[in-house]
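Visitor: I'd like to ask you about the structure that follows.
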Amino acid sequence: MRLLTEPLLEINEYREILQSILNYTIPITVVGPSDSQKAHIIYSICKHTQQKAIFMTFNEMQARRMYEDFSFFWGDRAVFLPSREIMLYDIDAKSNDILYSRIVAIDRIIRGEYDIVVASVETVSQYMIESELFKNSIIEFNEGERIVLEKIVLKLVEMGYERVGTVESKGQFALRGGILDLFPVDFKNPVRIELFDDEIDTIRVFDSTSQRSFDKMPKVRVIPAREIIYSEEKKEAIIDSIKNEMKKYIKRIRGSADFLAEVEENIKKDLDTMKNQYYFPGIDRYIPHIIHNSKSIFDYVGKETVVFIDEPSRIKQRIDNVLFEHYEICKGLMEKGKVLPSVMEIFMDYGKLLQKLDGQRTVDMNTLPVGSEKLVKSKVYSIPSRLLTSYEGHADMLIEEVRRWKQNKNRIIILAGNEVRGQKLCEELKNNGIEAVFTDDKLEKVMHGQVVVIKGALSKGFEYPSAGLVVISDSGLFSQRRKPKRTA
């Protein structure tokens with residue numbers, strides 16, 4: 001993707017940004033880019049500085065949109081970390097898709113299988129367990145290995161797997177004689193581990209509907225089925241911690257004898273459930289008791305990772321709103337005697353988030369110039385740029401614009417979605433007297449006045465006048481946006 005990154009080196013301020021990141025002393029602010037341009041500049045910065053990154057934006061919808069753009073540049077090396085669903089009510093039926101997606105993302109982050117992590121401020125503000133606890137909860141089964149089934153069953157329960165009669169969906173396991181069926185949350189199909197006495201004889205993938213095996217594996221790695229996990233040896237301490245808070249809370253609050261009795265009854269009911277079945281709907285009410293050394297995603301990636309903060313002024317506003325909504329839900333449940341005050345401590349407030357960012361290399365990304373209210377001194381760099389309008393349904397406008405850019409010696413890169421569209425677009429441009437070449441990513445440089453068409457998708461097109469670079473997105477050309485990821 002050098003054809004997209006190298007032109008930026010012709011911009012003086014961009015080169016200064018690279019040096020400032022490498023010689024980091026104070027926070028950096030970049031002004032000018034918006035939408036897909038932010039993804040482009042961040043990708044270019046990371047490639048030129050050989051750094052990994054986190055991109056934190058102001059809500060979940062924006063995070064998903066930006067992830068699509070980052071996926072064009074980084075392919076599968078871009079990781080989307082969704083926000084954890086907090087369940088404070090006793091609701092059994094709910095989809096675990098987001099939970100499993102998040103667990104898979106966390107596993108990739110811990111293993112270093114990423115170049116950028118994309119997350120909303122809701123995600124970043126949620127406390128996490130220590131990464132070592134997550135790592136130590138992973139089980140690997142190897143053919144020929146000896147295991148103790150009783151210990152494995154307990155371990156799977158600690159990891160959040162549900163014991164059932166027949167495995168049908170992710171996060172379940174079943175034990176029948178010398179056969180252990182298990183559906184890891186990052187697999188498309190469950191696996192069957194057959195034992196000969198206490199030795200693993202075979203590991204096979206099977207179909208959960210027909211129960212037929214169809215592929216043999218030498219080993220299988222099983223990650224947790226829950227994010228907030230704890231070991232059997234920690235259970236009693238967690239229960240004692242909840243009891244202590246309950247006693248202090250009952251002594252402190254004002255209320256009728258009936259209400260205080262109701263509080264005690266509700267909490268004790270949850271504790272009895274915890275003793276008997278480990279995890280249960282509504283266990284999120286006790287996250288602060290399960291997570292003692294509260295960590296964040298920044299602890300998972302380390303201090304060397306560059307944190308790009310999307311529109312910081314909107315970050316604070318959003319986290320304030322998230323906390324307000326969470327507090328209102330908690331207050332309602334407390335009035336019903338369902339929860340303890342610690343339930344309010346599931347999210348970080350803005351001040352604690354800033355503390356977590358302390359020591360990280362941060363780069364603020366602002367579309368408009370920052371105001372005088374900015375509290376933290378930073379180096380401010382401006383990258384002149386602009387978004388392109390959509391040409392959908394107006395091929396004549398696109399051709400005229402391309403002709404003008406070409407005459408002005410701009411380098412023009414057009415994203416066509418896929419190869420078929422790319423070849424057709426090249427033909428159409430040639431029929432209108434504009435020479436264009438389609439490349440499958442092997443071209444490393446675009447000459448001034450050259451038009452290059454490539455596969456890929458971005459949400460918006462953009463231009464860097466000072467670098468003479470124009471990038472036209474597929475969404476501005478066609479009625480439906482395609483989302484093919486770039487192949488490395």
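Visitor: For the chain, give the magnitude of the charge dipole about the Cα centre (Cβ charges: +1 Lys/Arg, -1 Asp/Glu; no others), in debye to the nearest 20.
Guide: Values: 72 positive and 74 negative charges, 210 e Å.
Dipole size: approximately 1020 debye.
Visitor: If you take the charge dipole of the chain about its Cα centre, with +1 on Lys and Arg Cβ and -1 on Asp and Glu Cβ, which of I200, F72, I239 is farthest toward its positive end?
Guide: Of the listed residues, the answer is F72.
Visitor: Let me ask something additional. Heavy-atom accessible area of E143 with all protein chains present, probe 1.4 Å, nearest 10 Å²?
Guide: The accessible area comes out at roughly 80 Å².
Visitor: Treating cross-link reach as a plain straight distance, find the aspartates and glutamates whose alpha-carbon is under 12 Å from the alpha-carbon of K445, omitting any fewer than eight places away in the same chain.
Guide: E6
Visitor: Here's another thing I want to ask about it. Sorted by accessible area with a 1.4 angstrom probe, largest first, how do K135, K356 fall?
Guide: K135, K356
Visitor: Continuing with the same structure: As a test of reading the structure, rank R404, R318, R65 by solvent-accessible area (1.4 Å probe, protein chains only), most first. Mind showing how you got there, number by number?
Guide: Values: R404 95, R318 65, R65 115 Å².
These residues rank, largest area first, as R65, R404, R318.
Visitor: Further question on the same structure: Could you do me a favour and compute the accessible area per residue for the chain, 1.4 Å probe, result in Å²?
Guide: 47
Visitor: Which pairs break 30 Å Cα to Cα here: K352/K379; K170/K235; K38/K406; K234/K269; K379/K455; K243/K336?
Guide: K379/K455
Visitor: How far is helix 395-407 tilted off the main Cα axis of the chain, in degrees rounded to 10, range 0 to 90?
Guide: 70
Visitor: Sticking with this structure for a sec: To the nearest 10 degrees, how steeply does helix 60-74 sit against the main Cα axis of the chain, on a 0 to 90 scale?
Guide: Result, in degrees: 60.
Visitor: Let me ask something additional. Within the accessible area of the chain, what % is carbon and sulfur when the probe is 1.4 Å and the other protein chains stay in place?
Guide: The computed percentage sits at 48.
Visitor: Okay, moving on. Any of K94/K251; K275/K338; K251/K316 with alpha carbons more than 30 Å apart? Name them for me. Intermediate results must be reported in sequence, preceding the final value.
Guide: Working: K94/K251 36 Å; K275/K338 18 Å; K251/K316 36 Å.
Over 30 Å apart, Cα to Cα: K94/K251; K251/K316.
Visitor: Please calculate the 1.4 Å probe accessible area of E162, with all protein chains present, and give it to the nearest 10 Å².
Guide: Rounded to the nearest 10, that gives 100 Å².
Visitor: Less than 14 Å apart at the alpha-carbon level, and either on another chain or at least 8 residues along: which aspartates and glutamates does that give for K155?
Guide: Leaving aside aspartates and glutamates fewer than 8 places away in the same chain, those within reach of K155 are E140, E232, E233.
Visitor: Next question, about the same structure. Based on the Cα gyration tensor of the range 16-90, what are the three equivalent ellipsoid semi-axes, each the root of five times an eigenvalue, rounded to whole Å and given largest first?
Guide: On the way: eigenvalues 145, 45, 31 Å².
So the three semi-axes of the range 16-90 are 27, 15, 12 Å.
Visitor: Report, ordered by chain and residue number, the aspartates and glutamates lying within cross-link reach of K247, taken as a straight Cα distance under 19 Å and ignoring same-chain residues fewer than 8 apart.
Guide: Qualifying aspartates and glutamates at Cα under 19 Å: E236, D258, E262, E264, E265, D270, D272, E335, E345.
Visitor: Positive end of the charge dipole of the range 71-140 (Lys, Arg +1 and Asp, Glu -1 on Cβ, about the Cα centre): tell me which of S95, I109, S137 has its Cα farthest that way.
Guide: Looking along the dipole axis, the top candidate is I109.
Visitor: Hey, got a sec? Which chymotrypsin sites (Phe, Trp or Tyr not before Pro) in the range 37-118 land in a DSSP loop and have at most 14 other Cβ atoms within 10 Å?
Guide: Within the range 37-118, the qualifying chymotrypsin sites (Phe, Trp or Tyr not before Pro) (loop, at most 14 other Cβ atoms within 10 Å) are Y89.
Visitor: Working from Cα positions, state the angle (0 to 90°, nearest 10) between the long axis of helix 12-22 and the longest principal axis of the chain.
Guide: Relative to the chain, helix 12-22 is tipped by roughly 30 degrees.
Visitor: Moving on. Projecting each Cα onto the charge dipole of the range 102-250 (Lys/Arg +1, Asp/Glu -1 at the beta carbon, about the Cα centre), which of F214, T166, V148 comes out farthest on the positive side?
Guide: Projecting each Cα onto the dipole axis, the largest value belongs to T166.
Visitor: Starting at 0 and stepping by 5 Å, how many percent of the alpha carbon pairs of the range 91-204 end up in each bin?
Guide: With 5 Å bins starting at 0, P(r) equals 2, 10, 18, 22, 19, 14, 9, 5, 2, 0, 0.
Visitor: Sticking with this one: Order K170, K248 by their accessible area, 1.4 angstrom probe, all chains in place, largest first. If you can, show how the numbers build up before the last one.
Guide: Values: K170 80, K248 140 Å².
Of K170, K248, the descending order of accessible area is K248, K170.
Visitor: Note the direction-averaged projected area, equal to a quarter of the hull surface, for the Cα convex hull of the range 1-129, in nm².
Guide: Working: hull surface 37.5 nm².
If I average the Cα hull's projected area over directions, I get 9.4 nm².
The values are calculated or read from the model by the stated rules, or taken from the named source; none is laboratory data. Please read all numbers here as calculations on a predicted model, not as lab measurements. Reconstructed Cβ throughout: ideal geometry from the backbone, glycine too, with neighbour counts over all protein chains shown. For the accessible areas, the whole protein counts, side chains as well, though only heavy atoms, and no ligand, DNA or RNA atoms are used. Shrake-Rupley method; radii C 1.70, N 1.55, O 1.52, S 1.80 Å.
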